[in-house]
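Below: one structure, written as C-alpha cells.
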Amino acid sequence: MIIKTKVDRRRRIQLRQRKRISGTTERPRLTVFRSVSHIYAQVVDDMSGQTLVSASSVEPKLKGGFAKEARGSNLKGAEAIGTAIAERSIEKGIKRVVFDRSGFLYHGRIRAVADAARQSGAGVLMRTRERIDPSQLDIKDNVVSINRVTKVVKGGKNLSFSALVVVGDGHGV
C-alpha cells in the first residue's frame, strides 16, 4: 500500500490493528471514527457482522442534549458520545468491549470517548497483556537449549533469531 496522504496512513494502521482486534458475541468491538466536525462510535459483533449499538454527534437526540459548549468537534462532545454509547451498551446487556481506535492516535477525542465509556460502566478493554507471576504457577520447567541462528539471505542481509526450548513440567509430562 502506497502512503501518499494522512488518510492512507490511517487506513494502513487501521488494517494492521484489525488483524489483532476482533469483536465476539461476549466481547464486541467498540470502534470510533472522528471527522473534523463530528465523532461516531459503534459497538460491533464481528462474528455476525452486525452493529449492536451506535451513537454519533449528528443524532438529533444527542445533539440536542449536549451542553452549551459541547459539539462533535471538541472533547466535551466526545465525552458525551462515550457516555451515550456506554449507557446504550449496558441497556443491551453488553458489559465489556474491546476498544478499536480505527487507526487514530489514542489522544484527544478518541481517548475522551474511551475514558467516558469506561467511567460510565462499560468495561472498555484496551489491548494490554496480563502479567503472570511465575512463582504462583505450579510448573517446573527445564531449559534445554538456547539456539541462536544467523543466516545470510538473498541480498546479503543477515536474518537472525533465537529459539528457547523448554521441556517438562516437573511431573513427568
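Bear in mind these aren't lab numbers, they're just calculated from the coordinates by the rules spelled out. Bear in mind that the values here come from a model prediction, so they are computed numbers and not experimental data. So basically every Cβ, Gly included, is an ideal-geometry build from the backbone, and we count neighbours across all protein chains shown.
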### Message
Counting only other residues whose beta carbon sits under 14 Å from that of S73, what net charge do I get with K and R as +1, D and E as -1?
### Response
+3
### Task
Report relative contact order for segment 1-103 in percent, whole number only (criteria: Cα-Cα under 8 Å, sequence separation at least 6).
34
### Query
How far apart, in nm, are two points set 7 Å out from the Cα along the Cα-to-Cβ line at R9 and at I21?
1.8
### Task
Could you list the trypsin sites (Lys or Arg not before Pro) in segment 1-75 that lie in coil according to DSSP, counting only those with at most 11 other Cβ atoms within 10 Å of their Cβ?
K4, K19, R20, K68
